[in-house]
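Shown next, in structure tokens, is the structure this report addresses.
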Amino acid sequence: MKKGKITITITIGLTFLILTAVIFIQFKTINQTDITSLENMREDELRTEISNFKQKSEEISKQIEETNLKIAEYEETISTDKEASELLEKELEQQNNLLGKNDVKGSGVIITLTDTKEQKITAQDLRELLNQLKLAGAEAISINGQRIVYDSYLVDIGDTYISVNGEGIVSPYEVKAIGNPTYLESGLSKKQYGYIDTKLEEGKDVVLTRQDNITINKYNGDLNMEYAT
Amino acid sequence: MLLVMAICIQINTIEAATISVGTTLRDNSDLKDELLSCQGKYESLYKELENKEKQLEEVRLSAATKSEEDTQNEIEIKRNQVLLGLTEVTGQGIIIRLDENREVNSEEVLDINGYLVHEEDLLYIVNELFNSGADAISINDQRIVSTTSIVCDGNIIRINGKMVGVPITIKAIGYPERMDPALSRPGGYLQLMANQGVVVTVERSENITIPKFEGVYSYEYITRGDE
């Protein structure tokens, strides 16, 4: 009887040891797996990746066409011995629109976030919003008149205000974004896990409206790189 | 008897699991081929674009010689390309490396979340680097530009739409004496991450190279507004 118990105990012990080892090996393998490599991608991930590359290829093709057109236009000014001023100004204007050196206008969305007694809007709320707007294809963004540029940052200053590009702003925060209004709106309004539903769930006051004619002011700081060449 | 049965069931399950994993892998081989061909097509288109851009730069330069204003505008276009992240840049700065702790004993950890790197972490670090004067930033060679989004997509992170996994290398060009303390100070964000179990290292460097933005800016909806 007693001998039987010992055997069982040893067997159980051994079994647990083996199982633990198996689990451990399993974890090790998972740890060493590179989730971005092709071999480890699931079917849905493969499909997303394929459509991503197709979309990117389309964008690049469009860009190639535009570049070809520009090349042809410049070549024509050279062969006809004319000034290229207009072409240069056009290229410069496009760049300055994107960089925030020009005021820009267009259709898009306006999101208003307001502090309530219970829930204050934080710099992180605004950072997440900018991130989601960029994902949805925003071409220009401002917060309370402050243009968001490539090196903009947002930080809480105490409990009272938020600093954007080093300038203090207070609630209500009006975030303007120019881009495809449908993409911008649906990007933020995904049910349950979307930005707006998540913030409403946290008790925050967030309102989105679509607008046809939004004007976004230019950046009033200097854009330059001190250390990068 | 019971134990033997249990072990047998275990082995059977493992075999079954292996088989099902094997099947899924085989079923996906068409998709993998398609992905590889899409990727190949994208890469060759991208090379074509790079060549066209070089060509454009050359004709622009030779076309912009008729007036002083044209010459100035041509120089300004090139300067703007640097600001738009469309050129590779070099300079002094810091390199932050984040890795998930591979030595964690999973049995002792109830919440594995703290050991992982999340999109919020990367957004926060990028924000903090620009706050401390960074000129240019990349994460695993994805250049951070004005339209860059950093988002979670299942268990991977996408930056500029490209997949990024651990280990994560964040390069920032700027003044190291300002950026490093802003992030590494006691009680700072990197220390919080390290306390949670992420393996964090920060290194100052005299010579960092940050690649150019490989995406395309869209300007379908914006037009100049101050006219």
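The values are calculated or read from the model by the stated rules, or taken from the named source; none is laboratory data. Everything numeric in this text was worked out from a predicted model, so none of it was measured. Every residue, glycine among them, receives a Cβ derived from its backbone with ideal geometry; neighbour counts consider all protein chains shown.
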Lone qualifier among A:Gln132, A:Gln94 - being facing another protein chain (nearest Cβ under 7 Å), surrounded by 14 or more Cβ atoms within 10 Å (Cβ to Cβ) and polar (S, T, N, Q): A:Gln94
Tally, over the stretch B:20-79, of residues that are part of a helix (DSSP H, G or I) and either modelled with pLDDT under 90 or over 30 Å from A:Glu83 (Cβ atoms) (or both): 27
Residue match in the stretch B:185-199 (condition: within 11 Å of another protein chain (Cβ to nearest Cβ) and surrounded by 18 or more Cβ atoms within 10 Å (Cβ to Cβ)): no
Residue that is farthest from A:Leu188 (Cα to Cα), among those in the stretch A:103-134 that are touching a Gly at 6+ places or on another chain (Cβ under 7 Å) and at pLDDT below 95: A:Glu118
Residues located in the stretch A:135-154, provided they are more than 7 Å from chain B (Cβ to nearest Cβ), within 24 Å of B:Gly133 (Cα to Cα) and in contact with a Gly (Cβ under 6 Å, 6 or more places away or on another chain): A:Arg147
Residues of the stretch A:58-111 that turn out to be free of Cβ contacts under 8 Å to residues at least 40 places away in the same chain, in a helix (DSSP H, G or I) and in contact with a Phe, Trp or Tyr (Cβ under 8 Å, 6 or more places away or on another chain), as a count: 3
Number of the exception - B:Tyr46 against (1) touching a residue at least 60 places away in the same chain (Cβ under 8 Å); (2) more than 7 Å from every other protein chain (Cβ to nearest Cβ); (3) under 20 Å from A:Ser61 (Cα atoms): (2)
Residues (free of Cβ contacts under 8 Å to residues at least 12 places away in the same chain and under 23 Å from A:Asn97 (Cα atoms)) located in the stretch A:179-199: A:Thr182
Qualifying residue in the stretch B:150-160 (condition: in contact (Cβ under 8 Å) with a residue 40 or more places away in the chain and out of contact with any helix residue (DSSP H, G or I) (no Cβ under 6 Å at 6 or more places or on another chain)): yes
Residue count, the stretch A:151-161 (criterion: within 15 Å of the chain's Cα centre (by Cα) and surrounded by fewer than 21 Cβ atoms within 10 Å (Cβ to Cβ)): 1
Within the stretch A:200-213, tally of residues that are under 21 Å from B:Glu120 (Cβ atoms), touching a residue at least 40 places away in the same chain (Cβ under 8 Å) and of a type in the set (A, V, I, L, M, F, W, C): 1
Sole exception among (1) under 21 Å from B:Ile144 (Cα atoms); (2) among the polar types (S, T, N, Q); (3) not in a loop (DSSP other than H, G, I, E, B) for A:Ser186, by number: (1)
Any hit, the stretch B:88-96, residues being at pLDDT 95 or above, within 18 Å of B:Val200 (Cα to Cα), assigned to a helix (DSSP H, G or I) and within 19 Å of the chain's Cα centre (by Cα): no
Hey, A:Ile148 more than 15 Å from the chain's Cα centre (by Cα) and within 20 Å of B:Glu220 (Cα to Cα) or not: no
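Residues checked against (1) in the same structural domain as A:Gln55 (by TED's automatic domain parsing); (2) in contact with a Pro (Cβ under 9 Å, 6 or more places away or on another chain); (3) in a loop (DSSP other than H, G, I, E, B):
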residue	(1), (2), (3)
A:Leu130	no, no, no
A:Ile141	no, no, no
A:Ile162	no, no, no
A:Val175	no, no, no
A:Arg210	no, yes, no
A:Asp222	no, no, yes
Test for A:Asn220: is it surrounded by fewer than 19 Cβ atoms within 10 Å (Cβ to Cβ) and of a type in the set (S, T, N, Q): yes
Check on A:Asp197, part of a strand (DSSP E or B), more than 10 Å from chain B (Cβ to nearest Cβ), charged (D, E, K, R) and within 21 Å of B:Glu120 (Cβ to Cβ): no
